[in-house]
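Notes to accompany the following structure.
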Amino acid sequence: MNFKTGLLSLLVVCGACGQVSQQEDLVKDSFDFAGQQLKFAFTQVDSVKAALAAADSKKKLVSPRTIEDDGSFKMVASRDWTSGFFPGELWYMYEYTKDDYWKTKAQEFTADIEDQKTNGGTHDMGFKMYCSFGNGYRLTQDAAYKDILLESAATLITRYKPAIGCIRSWDHSRDKWLCPVIIDNMMNLELLYWAFKETGDSVYYDVATNHARTTIKNHFRDDYSSYHVIDYDTINGNVLHKHTHQGYNHESAWSRGQAWGLYGYTMCYRETKLPEFLAQAENIANYIFTNPTMPEDMVAYWDFNAPGIPNEPRDASAAAVMACAMYELSMYNAEKAAQYKKWADTIVESLSKNYRASSEGDYGFVLLHSTGARNFERDVPLVYADYYFLEALLKKEKLEKEGTAIL
Ligand code: GLY
């Protein structure tokens, strides 16, 4: 679909001007609320940092992650997989408001995680560096950020296993898995496609595309739901186990895993234009949005097979990631654009109206009701729910005003 067709179908979707302005209000109102929450979060972060300094602790905590079961504020070190989302939120605030206050704050929190560029012990490089430095580079063209991102991408591909055709995910749990690859890893490929465009070095394109193809082959069931962890033999590339780590059980469909796959293949299609990736994204979307357990407000339960549905926690983080993906996917299928956008709009409206944290409370998180896993972080705020919620709002606005959801 070309730009004009996209814009035209959007105007049909949006209908009367009144509806457009109502949608703009929702985006503005949500960003106003997020700005207020993030300013409150700075006070909470400062208290934690001051307490560490007073205790003469060597521990360096850089950004918020969640609220613990005991009600305390959890901040993380730069090595944590979630360390890039808070700086990323600040970049999105800058993008929406164009206010240098947010730029300065974003720069400050982004700088705190630079050390991760050489951390070869993690596949979460994209989550950490592309959400922080990546957004920062996109918005400022700061050459130092570009160098940091290129070093990060070079570090990430050291984890690629040619015999498998995938980037290794975790190094932990060696008693359980030889070479685990998790569906989440699809999200880290965006950094590699960016590095390919910047350098022209096809190794980045090939690693990302091979990873995505191998994942289509081994991670998905016939109904296009996905396993969480595939364990591979590093010598011959054979699949050893199909497991879950965070979902309900090995055969269940963990909601955030489905969301990572949906976003991942939508992004891979944008970067490669390979029809196999578009087909995969659309099949995943169909699994998610026609699932009999999907509630009316489109904020999925934490696992599509959780046994106690409807008395199970939701996962606002999965919903926010799904909304981001569906805004973009709506650009790639003219016939389904209206339906895809409607699903995304329903999520964004639900999150904005019914999942908000308390004003200047909840340590400054924006959304409540996310779920990290079967056995931890259940029904809590999570920093990445807030990050992808702001991204979804930006995509929605851009799609409605300019006919593209690509930031
Ligand atoms: N990448 C970890 C998660 O989605 O929880």
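Each value in this text was obtained by applying a stated rule to the coordinates, not by laboratory testing. It should be emphasised that the depicted structure is a prediction, and the values quoted were computed from it without experimental measurement. Please note: Cβ atoms are built from the backbone with ideal geometry, for glycine as well, and neighbour counts cover all protein chains shown.
Which of the aspartates and glutamates could a cross-linker span from residue 395 if the Cα-Cα distance has to be under 13 Å and same-chain partners fewer than 8 positions apart are dropped?
24, 95, 328, 345
With the cut-off at 18 Å, tell me which of the pairs 342/396; 39/103; 49/117; 28/396 have Cα atoms farther apart than that.
Exceeds cut-off: 49/117.
Say each of residue 221 and residue 354 gets a label point 7 Å from the Cα, pointing the same way as Cα to Cβ; how far apart are those two points in nm?
Distance between the two pseudo-spin positions: 2.6 nm.
Before anything else, pin down the relative contact order of the chain: Cα pairs under 8 Å, at least 6 apart, normalised by residue count, whole percent.
Numbers: 752 pairs, mean separation 71.3, N = 407.
The value is 18 percent.
Quick check on the range 197-353: take the gyration tensor over C-alpha atoms, sort the square-rooted eigenvalues as a ≥ b ≥ c, and tell me if it's rounded (a/c under 1.5), prolate or oblate.
Values: a/c = 2.17, a/b = 1.19, b/c = 1.82.
Because a/c hits 1.5 or more and a/b fails to exceed b/c, the range 197-353 counts as oblate.
Which shape class, rounded, prolate or oblate, goes with the range 279-407 when its Cα gyration tensor gives a ≥ b ≥ c as root eigenvalues, a/c under 1.5 marks rounded, and past that a/b bigger than b/c marks prolate? Mind showing how you got there, number by number?
Details: a/c = 2.23, a/b = 1.28, b/c = 1.75.
Oblate.
If Lys and Arg each add +1 and Asp and Glu each add -1, what is the summed charge of the other residues whose beta carbon sits under 13 Å from the beta carbon of residue 354? Let's see the in-between values first.
Numbers: positive: 314, 353, 356; negative: 296, 297, 349.
Its environment carries a net charge of 0.
For the modelled label position 7 Å from the Cα of residue 68 along Cα-to-Cβ, which residues of the range 108-129 have backbone nitrogen atoms closer than 16 Å?
Under 16 Å, as judged by backbone N against the label point of residue 68, lies no residue of the range 108-129.
Go through 121, 106, 135 and say which Cα lies farthest out towards the positive end of the charge dipole of the range 106-164; charges sit on Cβ, +1 for Lys and Arg, -1 for Asp and Glu.
121
Loop-only check: which GluC sites (Glu not before Pro) in the range 294-336 are DSSP coil with at most 13 other Cβ within 10 angstrom? Write out the running numbers ahead of the final one.
Numbers: sites: 296, 328, 335; in loops: 296, 335.
Filter output for the range 294-336: 296, 335.
Please give the FRET efficiency for residue 206 paired with residue 143, using the beta carbon to beta carbon distance and R0 = 25 Å, rounded to the nearest 0.05. Kindly include the intermediate steps, with their values, before the conclusion.
Numbers: r = 26 Å, r/R0 = 1.05.
The value I calculate is 0.40.
At 0.36 nm per residue, minus the direct Cα-Cα distance, what do residue 42 and residue 54 gain on full extension? Give it in nm, one decimal, please. The partial results should precede the final answer.
Working: separation 12, 0.36 × 12 = 4.32 nm, distance 1.81 nm.
Result for the pair: 2.5 nm of gain on full extension.
Please report the relative contact order for the range 201-331, taking Cα pairs under 8 Å with a sequence separation of at least 6, and give it as a percent rounded to a whole number.
Values: 186 pairs, mean separation 28.1, N = 131.
Over the range 201-331, the number comes to 21 percent.
Spin-label point model (7 Å from Cα, Cβ direction): what's the residue 115 to residue 239 distance in nm?
Label-label distance for residue 115 and residue 239, simple model: 3.9 nm.
Once each part is reduced to its C-alpha centroid, what is the distance from the range 210-259 to the range 101-144 in angstrom?
Each part's Cα centre sits 29 Å from the other's.
Just in the range 177-283: which trypsin sites (Lys or Arg not before Pro) are loop by DSSP and have at most 10 other Cβ atoms within 10 Å? Kindly include the intermediate steps, with their values, before the conclusion.
Numbers: sites: 197, 213, 217, 221, 242, 256, 270, 273; in loops: 221, 273.
Taking the range 177-283 and a limit of 10 other Cβ atoms within 10 Å, the loop trypsin sites (Lys or Arg not before Pro) found are 273.
Express in nm, to one decimal, how much length is gained between residue 276 and residue 158 on full extension, taking 0.36 nm for each residue of separation and deducting their alpha carbon distance. Intermediate values should be presented prior to the final figure.
Values: separation 118, 0.36 × 118 = 42.48 nm, distance 2.62 nm.
Full-extension gain reported as 39.9 nm.
Once you charge only the Cβ atoms, +1 for Lys and Arg and -1 for Asp and Glu, what is the size of the charge dipole of the chain about its Cα centre, to the nearest 20 debye?
Working: 42 positive and 55 negative charges, 127 e Å.
It works out to roughly 620 debye.
Dipole of the chain (Lys/Arg Cβ +1, Asp/Glu Cβ -1, origin at the Cα centre): which of 322, 155, 359 lies farthest to the positive side?
Value: 155.
Testing the spin-label approximation: label points 7 Å from Cα along Cα→Cβ at residue 286 and residue 198. State their distance in nm.
Taking the simple label geometry, residue 286 and residue 198 are separated by 3.8 nm.
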